[in-house]
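Encoded as structure tokens, the structure appears first; notes follow it.
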Amino acid sequence: MKVLIIHASAGAGHRRAAEAIYNYLKEHDPGLKLELLDALSKTNALFKFDYTKGYSFLIKYARIVWRWAFWATGSLILRPVSRQLARLINRLNSRELIRYLEQENPEVIISTHFLPSELAAGLKKQGRIRSKIITIITDYGVHPFWISPATDLYVVASDFTRQRLLLEGVPLELICVSGLPFDPKFMRHFDRRVLAHKFGIDHKAFTVLLMTGSFGLGPLEKIAYALHHDCQVLVVCAGNKTLYRRLVKKNLKQVKVFGFVSNTEELMAVSQVIVTKPGGSTITEVLIMELPPVFINAIPGQETANIQALAQYGIGVCPRNIQALKDYILDLKDHPQKLEALRQKMQAVQKPLALKELERVIR
């Protein structure tokens, strides 16, 4: 059976979910003929640039524009026009991808981004491919762009997400609440003492992880300064080299600074709280790690919807300022029972068998 796992390199969460699926199926179902593809690699250069660099620019420097675009494309009033316009633009700029899907015509297409989902569903509706189309919605909320007629199954993170799909008119039998795919490394057993020694930190200290994705956005420096007298702080600056140099130069007591990291799971394992952006993949990982989150710097639209979804389960806070953030974290530090209560709520929501369930529905 030929299985195409397709994503789009606009935000790391789509890629991470696709890679997790590919790696799991490669190991557990060697009879499958697998391919992992970035949909944007088969679109024209300008379209790819707009999707990647344009998206990065908007969320870093023009969030008010992004907020308006997200609202306009989701509005019931404007949706008929915005959806048709988006479909036309997508088809005109993705001709190579469309030809590729027709030529390959895999038995199963697993998509972790709405662009390839829409194009594949359109081809299937026209009878040009016969693939079973499985869309993995990588956020906990649902923008209407995720919904395309001729999709065979929507795999979602939570009951909250399922309810949003039902409100959009998706039939119940097309929705599978099995959770978002994640790298199995987050399921490993961790020895906190050993990891603390590896990082050169105190394994007994209450530790807060600051991590906001590949751009290192948000007031990480101010948060580290606010907390460093009372907590051990791990700051992942990722691609924000200016922030990295500045924090290293300051050499704050109880603050450990990192650039890009590939061992996020280990940093989570030595921490009691994480301050992070509410991306869908990040939320899934912290749920699996049972690491209570504090959300900052949410992208308007999909990430604010993620916050609303987690709030339904009593998980995650979004403090109004740094002082409120500090007060909340120190309250958790002083009351371990509150931390334990949060972990129990996270256990009730987590979906550790997401990949196994996806393997089942492929057949």
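The values are calculated or read from the model by the stated rules, or taken from the named source; none is laboratory data. Everything numeric here is computed off the predicted structure, so don't read it as measured data. Backbone-built Cβ (ideal geometry, glycine too); neighbour counts: all protein chains shown. Only protein heavy atoms, including side chains, enter the accessible area calculation; ligands, DNA and RNA are left aside. Shrake-Rupley method; radii C 1.70, N 1.55, O 1.52, S 1.80 Å.
Miscellaneous remarks
- Within the set PRO352, PRO319, the sole residue that is assigned to a loop (DSSP other than H, G, I, E, B) and either in contact (Cβ under 8 Å) with a residue 60 or more places away in the chain or over 26 Å from PHE160 (Cβ atoms) (or both) turns out to be PRO352.
- Selection count where residues are more than 23 Å from PRO116 (Cβ to Cβ) and without any contact (Cβ under 8 Å) to a residue 24 or more places away in the chain, scope the stretch 27-56: 2
- The criterion of being open to solvent by less than 20 Å² (accessible area, probe 1.4 Å), touching a residue at least 12 places away in the same chain (Cβ under 8 Å), part of a helix (DSSP H, G or I) and more than 30 Å from TRP68 (Cβ to Cβ) does not hold for LEU325.
To keep it simple, each residue is scored yes or no on (1) open to solvent by 20 Å² or more (accessible area, probe 1.4 Å); (2) aliphatic (A, V, I, L, M); (3) within 17 Å of the chain's Cα centre (by Cα).
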site: VAL257; (1), (2), (3): yes, yes, no
site: VAL270; (1), (2), (3): no, yes, no
site: VAL294; (1), (2), (3): no, yes, yes
site: ALA309; (1), (2), (3): no, yes, yes
site: ASN321; (1), (2), (3): yes, no, no
site: ILE329; (1), (2), (3): no, yes, no
site: ARG363; (1), (2), (3): yes, no, no
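- Filter result (within 18 Å of THR212 (Cβ to Cβ), touching a residue at least 60 places away in the same chain (Cβ under 8 Å) and of a type in the set (A, V, I, L, M, F, W, C)) within the stretch 288-304: MET289, LEU291, ILE296, ILE299
- Residue count for the stretch 106-128, restricted to those that are touching a strand residue (DSSP E or B) at 6+ places or on another chain (Cβ under 8 Å) and open to solvent by less than 60 Å² (accessible area, probe 1.4 Å): 13
- Condition met for VAL275 (open to solvent by less than 10 Å² (accessible area, probe 1.4 Å) and either assigned to a strand (DSSP E or B) or of a type in the set (Gly, Ala, Ser) (or both)): yes
- Test: residue in the stretch 231-242 that is modelled with pLDDT under 95 and assigned to a helix (DSSP H, G or I): yes
- Number of the condition not met by GLU35 [criteria: (1) open to solvent by 20 Å² or more (accessible area, probe 1.4 Å); (2) in a helix (DSSP H, G or I); (3) not small (Gly, Ala, Ser)]: (2)
- Check on ARG128, assigned to a loop (DSSP other than H, G, I, E, B), at pLDDT 90 or above and either farther than 26 Å from GLN308 by Cβ or in contact with an Asp or Glu (Cβ under 6 Å, 6 or more places away or on another chain) (or both): yes
- Within the stretch 120-137, being in contact with a Lys or Arg (Cβ under 7 Å, 6 or more places away or on another chain) and of a type in the set (A, V, I, L, M) holds for one residue alone: ILE133.
- For the stretch 53-102, the set of residues classified as open to solvent by 20 Å² or more (accessible area, probe 1.4 Å), at pLDDT 90 or above and either among the charged types (D, E, K, R) or not in a helix (DSSP H, G or I) (or both) consists of ARG87, ARG91, ARG95, GLU96, ARG99, GLU102, listed by residue number.
- Scanning the stretch 278-292 for residues that are in a loop (DSSP other than H, G, I, E, B) and within 14 Å of the chain's Cα centre (by Cα) returns PRO278, GLY279.
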